[in-house]
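Values in this text are rule-based calculations from the coordinates and carry no lab data. None of the values given here were measured: they were computed from a predicted structure. Please note: Cβ atoms are built from the backbone with ideal geometry, for glycine as well, and neighbour counts cover all protein chains shown.
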Amino acid sequence: MNQNHFPMHGKVQALSGMDDRRDEFIDLDRLVGMVRRNWKLAAIGGAIGLVLGGLYLLSAPSVYTASTRILLDQNLSRFAEDEPQSRNPLQMDSVVLNEVEILGSSRLARTVAQNMGLDENDAFLNPPQSFVGWVKSGLRSVVSIISPPPELTEAEAANARLGKAQYLLQSGLTAERVGRSFVIEVSYRTNDRILAGDITRGYAAAYLADQLDANFEATQQATAWLQGRLEELRTSSQSAALAVERFRAENGLTAARGELISEQQLSELNGQLILAQAETARASARYRQFQSIVDSGPQNAVQNSTISSADQPGTEAIVDLRQRYLQVAQRKTGIEEQFGADHPQAVALGRQEAELTQQIFRELQQLTNSYRNEFEVAQSREQSLRDNLDLLTGQVPETNTAMVRLRELEQQANTLSTLYQGFLTRYEEASQHQSFPIAKARVISPAGNPVSPSSPRKTMTIALSLVLGLMGGAAVAGLREFRERSFRTGAQIAPELGLRFLGYLPYFDRRIVAAAAAQSAANGEGEALMPPEMRFAAMAPGSSTAESLRHARMMVDAALPDKAARVIGFASVLPGEGKSTTAANFAALLAASGRRTLLIDGDMRNPGLSRALLRPPETGLVDVLGGATPWHGALLQDKYTQTILLPSVMRRNFTPTAELLSGAEAATLISEAREHFDYVVVDLPPLGALLDARAFEPICDAFIIVAEWGRTPRELLRSALESHREIGSKAAGVILTKTDMQKLGLYGSAAGPEQYTGHYGAYYSDKT
């Protein structure tokens with residue numbers, strides 16, 4: 001058999017490389033398709049959101065908000081301060097934030113509650129509750145019944161009411177900065193609009209009074225503390241100044257500068273020593289370089305290129321001699337090449353070359369001795385400077401120690417004097433502020449009584465509920481789209497599996513099938529063995545089901561042009577995907593068209609096709625392959641479609657079905673069936689868990705893969721075909737069964753064939 005005709009031949013090996021598929025960008029068409037498929041979910045989510053929003057509005061009590069604005073004005077105290085304190089913007093930001101925290105503090109809330117008597121106000125302590133509040137109250141009531149609270153004294157009860165009032169005040173209060181200004185907006189929310197205005201105004205008054213009290217207390221405490229500290233600092237400063245003068249007199253230190261060693265002199269000696277060290281290093285390097293040249297011998301010394309360097313002092317004569325030497329050597333070489341080494345002129349030039357060599361070497365020796373003398377002089381000067389510096393610094397260790405101690409005492413005296421002057425200034429300022437306390441804040445926008453509630457906002461609540469509901473529905477829809485792992489369109493077949501798409505088989509409508517069966521019975525077209533859904537293609541040859549099966553037959557015939565009889569296996573990856581029904585309809589359609597067709601139920605462990613027959617068989621494929629019954633004796637015939645069936649009958653004992661299908665008996669059965677039938681259609685077990693289909697592959701000409709629309713996992717089918725490459729190489733294509741034709745158009749692309757399935761309704765008929 002020529003397998004090149006099959007689309008999977010030579011391509012199954014590449015399926016493993018499909019793991020590197022990249023996610024595609026969501027285009028507009030895909031987005032529109034997602035909306036069309038899931039708009040009902042979004043609508044349901046929106047409706048739920050509206051219902052919940054309405055319930056919230058019905059249960060939520062009205063809340064009123066009153067607000068006032070307080071300006072932190074540093075200019076209010078400019079008349080009481082000699083020099084107004086300047087702060088940078090960062091410090092002012094910190095000041096504003098601190099005041100915001102003060103406004104929201106528990107101390108200020110307790111003061112407001114006491115001033116307004118809110119701890120005795122039942123309307124304030126027990127406001128109307130929302131639905132959530134009622135639930136919490138009910139739970140607290142149940143808990144109190146189970147575990148009753150301890151009895152409180154009158155004082156404890158009063159303190160508890162005050163604590164509750166404080167908590168409610170803090171819960172309803174909002175204090176925040178207005179932009180980047182020095183204005184703080186104070187707002188209070190409550191169910192009573194009159195009480196909202198009163199509490200806001202009470203907060204502003206309590207805050208201003210608290211600021212005055214805090215400033216007065218702070219200046220009073222600072223004045224008392226500074227007064228005691230001034231006496232201590234005055235005594236300490238005087239004692240430190242006397243200690244400095246006493247130490248100077250005892251150690252004989254001058255009062256002008258107090259230095260016995262000139263720091264400038266030490267610095268100059270250090271500088272001279274550094275220069276001397278550098279000069280010694282240069283002289284040493286030069287001397288050692290030329291000494292190594294002399295030690296190498298006269299001949300090597302002449303050849304050394306260092307002696308011709310222009311930056312070496314005293315080498316002018318050597319350079320001239322070396323140039324003469326090179327000229328003589330060049331002439332000597334030319335004569336020797338022309339006349340030989342024994343030529344008189346060559347011999348004379350050789351003697352002249354040797355004399356120049358000795359002259360150069362003597363000059364090098366003299367120059368090396370000169371460099372040695374320079375090195376020794378530089379070394380002696382360096383050592384002299386080092387000795388002078390050591391002598392100068394070693395004479396005054398005790399005096400330096402005394403100077404360090406003197407500076408320490410002077411620093412201590414200066415510090416104490418500065419502290420005393422600073423504390424004296426602060427004491428005078430605190431005394432002035434204590435006599436003139438002024439708050440550095442004022443109310444610029446007094447609070448009024450609110451007219452309308454601030455919450456709940458009905459329009460916003462309804463709109464937000466709708467939006468959140470739609471978003472929730474969209475999230476559920478997106479999750480469903482994200483979890484989509486099955487086949488929805490025929491265009492997914494080739495990229496995922498490398499196979500041809502053979503067509504859609506619609507989900508069988510029971511009413512249509514029953515009507516077709518009734519019409520066939522009324523026409524008296526023969527006794528049927530197969531149920532109506534398994535011969536629907538033959539009963540309704542003009543249906544889309546029959547058209548898809550004809551397309552599958554054409555693909556098989558095109559792939560097997562040289563076959564007189566064709567063995568076609570139907571396989572799926574999971575049970576319940578419509579494989580048996582598809583195989584039966586395929587065989588019925590062939591038989592109804594006049595083709596001799598044998599339908600074999602090869603699923604011997606779960607013979608769903610045989611169980612669906614209107615008359616249960618007594619013998620089957622297991623008996624035939626086991627040798628108990630000849631295959632001719634186990635055949636049944638559907639009189640309506642003229643299809644010949646070889647059923648399967650389950651046996652109680654386990655039968656190795658894979659071995660039966662791969663044995664010689666199965667090969668003999670198929671070989672003999674080829675002689676009597678035009679087509680042999682075999683319903684095989686699923687590929688996912690059994691080896692029966694793989695065992696049957698050598699004697700099968702082609703396979704048709706059945707996948708359920710919207711159910712068969714793409715990855716599972718692809719993996720199964722990778723595991724059964726021999727089956728994939730013979731696969732003619734894939735049929736999608738149980739297709740919802742009404743929803744099919746929601747999954748295809750904008751210009752895909754799925755969008756136009758309804759346009760061909762006039763060409764199809766489900767009637768017999």
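Taking the number of other C-beta atoms within 10 Å as the exposure measure, put Lys730, Lys639, Lys743, Lys738 in order starting with the fewest.
The fewest-first ordering by Cβ neighbours comes to Lys639, Lys743, Lys738, Lys730.
For Phe247 and Ser181, FRET efficiency with R0 = 51 Å and r from the beta-carbon atoms, rounded to 0.05?
In this case the efficiency is close to 0.30.
Rank these for me by crowding, Arg362, Arg566, going from fewest to most other beta carbons within 10 Å.
Least crowded to most crowded, the residues run Arg362, Arg566.
If the chain between Ala43 and Gln272 were fully stretched, how many nm would it gain, using 0.36 nm times the residue separation less the Cα-Cα distance?
Contour length minus Cα-Cα distance gives 73.0 nm.
Set Lys and Arg Cβ to +1 and Asp and Glu Cβ to -1, take the dipole of the range 500-754 about its Cα centre, and tell me which of Ala564, Trp709, Ala628 lies farthest positive.
Trp709
Given 37 °C and 0.692 mPa s, compute D for the range 500-754 with the Stokes-Einstein relation, Rh being the Kirkwood radius over Cα pairs; round to the nearest whole µm²/s. Show your work: numbers first, answer last.
Numbers: Rh = 18.4 Å.
Translational D for this selection: 179 µm²/s.
Can you compute the FRET efficiency between Arg36 and Ala205 using 1/(1 + (r/R0)^6), with r the Cβ-Cβ distance and R0 = 51 Å? Round to the nearest 0.05.
0.20
For the range 523-608, what is the largest minus smallest coordinate of the Cα atoms on each principal axis, given in angstrom and ordered from greatest to least?
38, 31, 23
Within 10 Å, count the other beta carbons around each residue, average over each peptide in 477-486, 587-596, and list them highest first.
Put in order of decreasing packing, that is 587-596, 477-486.
Need one number: nm distance between label points at Ser384 and Ser719, each 7 Å from Cα along Cα→Cβ, rounded to one decimal.
9.6 nm
Please compare each pair in Lys563/Lys743; Lys639/Lys730; Lys579/Lys743; Lys579/Lys639; Lys639/Lys738 to a cut-off of 30 Å on the Cα-Cα distance and tell me which ones are over it.
Listed pairs above 30 Å: Lys563/Lys743; Lys639/Lys730.
For the residues Tyr747, Tyr56, what sequence is obtained by ranking on other C-beta atoms within 10 Å, fewest first? The partial results should precede the final answer.
Numbers: Tyr747 23, Tyr56 16.
By the 10 Å Cβ count, ascending, the order reads Tyr56, Tyr747.
Can you give me the distance in nm between label points at Ser455 and Met741, each placed 7 Å from the Cα along the Cα-to-Cβ direction?
With each label point 7 Å from Cα toward Cβ, the separation is 5.6 nm.
Report the full-extension gain for the segment Arg651 to Ser296: residue separation times 0.36 nm, less the Cα-Cα distance, to one decimal in nm.
The span from Arg651 to Ser296 would gain 116.8 nm if fully extended.
Taking amide H atoms as placed 1.01 Å from N in the peptide plane, list the residues 5 or more away in sequence, or in a different chain, whose amide H sits under 5 Å from that of Ser455.
Correct list: Val63.
Could you order peptides 533-546, 336-349, 704-717, 366-379 by the average number of other Cβ atoms within 10 Å of their residues, highest first?
The packing order, highest mean first, is 533-546, 704-717, 366-379, 336-349.
Roughly speaking, what is the stretch gain from Ser62 to Gln345, that is 0.36 nm per residue apart minus the C-alpha to C-alpha distance, in nm to one decimal? All intermediate terms of the calculation are to be shown ahead of the outcome.
On the way: separation 283, 0.36 × 283 = 101.88 nm, distance 13.09 nm.
Net length gain for the segment: 88.8 nm.
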